[in-house]
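*Asks:* Let me give you the structure first, and then I'll get to my questions.
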Amino acid sequence: MEHRECPACGKLFLPRSQNPTQTYCSKKSCQRERRRRWQQLKRETDQDYVDNQARAQQAWSARNPDYWRTYRSQNPQYVDDNRTKQLVRNYQNRANMIAKMDASNSRKVLSSGLYRLILLPDPVIAKKNVWNVFLSLLQPPKFPQVAVIAKRGRVAK
Ligand SMILES: [Zn+2]
């Protein structure tokens with residue numbers, strides 16, 4: 001039997017005789033990666049699979065109604081991290097909506113311009129010595145016009 005390259009770790013391996021079509025090596029991490037990729041593909045291509053997963057999750061939640069409440073009370077750092085992530089997602093969604101409404105949709109990085117700085121409310125994020133702020137661009141930068149002027153100057157010489 002021929003050696004194959006594992007798509008997860010990139011190393012050569014010999015497929016097991018019990019499984020001649022084996023595509024990933026037998027390492028635990030590579031088998032986990034194979035399973036993860038398979039699930040991702042299923043979620044993207046198989047609506048029945050997605051529906052079944054959702055039903056199974058709802059059934060499990062119904063059988064274990066206190067699981068997440070207990071987990072959150074025992075893991076305050078998890079709660080804090082989730083709040084921060086959700087807050088960032090909320091502001092990103094809002095920023096994306098503003099960007100869609102904005103005609104100049106091409107800017108991807110923070111560039112020079114006039115910004116509004118908003119300090120996010122303290123009770124939501126309770127980290128000390130950290131400012132959590134949301135920036136929204138009020139006025140686009142004026143640099144492209146400067147570049148055009150410079151180019152004209154060079155041509156004139
Ligand atoms: Zn591997």
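*Asks:* Return the only residue of 47, 74, 53, 31 being of a type in the set (S, T, N, Q), open to solvent by less than 60 Å² (accessible area, probe 1.4 Å) and modelled with pLDDT of 95 or more.
*Replies:* Within the list 47, 74, 53, 31, the selection yields 31.
*Asks:* Can you confirm whether residue 80 is open to solvent by less than 80 Å² (accessible area, probe 1.4 Å) and away from the ligand (no atom under 13 Å from the Cβ)?
*Replies:* Yes.
*Asks:* Among residues belonging to segment 83-103 that are surrounded by 10 or more Cβ atoms within 10 Å (Cβ to Cβ) and within 16 Å of residue 139 (Cα to Cα), point out the one that is modelled with the lowest pLDDT.
*Replies:* Filtering first and then ranking leaves 102.
*Asks:* Only residues that are free of Cβ contacts under 8 Å to residues at least 12 places away in the same chain and within 16 Å of the ligand (Cβ to nearest atom): list them for segment 3-36, please.
*Replies:* Correct list: 3, 5, 10, 12, 16, 19, 21, 28, 31, 32, 35, 36.
*Asks:* Which condition does residue 42 not pass, out of (1) over 18 Å from residue 1 (Cβ atoms); (2) open to solvent by 90 Å² or more (accessible area, probe 1.4 Å), if it passes all the others?
*Replies:* (2)
The values are calculated or read from the model by the stated rules, or taken from the named source; none is laboratory data. Note that the structure is a prediction, hence the values are computed from the model and not measured. Here the Cβ is made from the backbone with ideal geometry for all residues, glycine too, and neighbour counts use every protein chain on show. We work out accessible area using only protein heavy atoms, side chains counted, and drop any ligands, DNA or RNA first. Shrake-Rupley method; radii C 1.70, N 1.55, O 1.52, S 1.80 Å.
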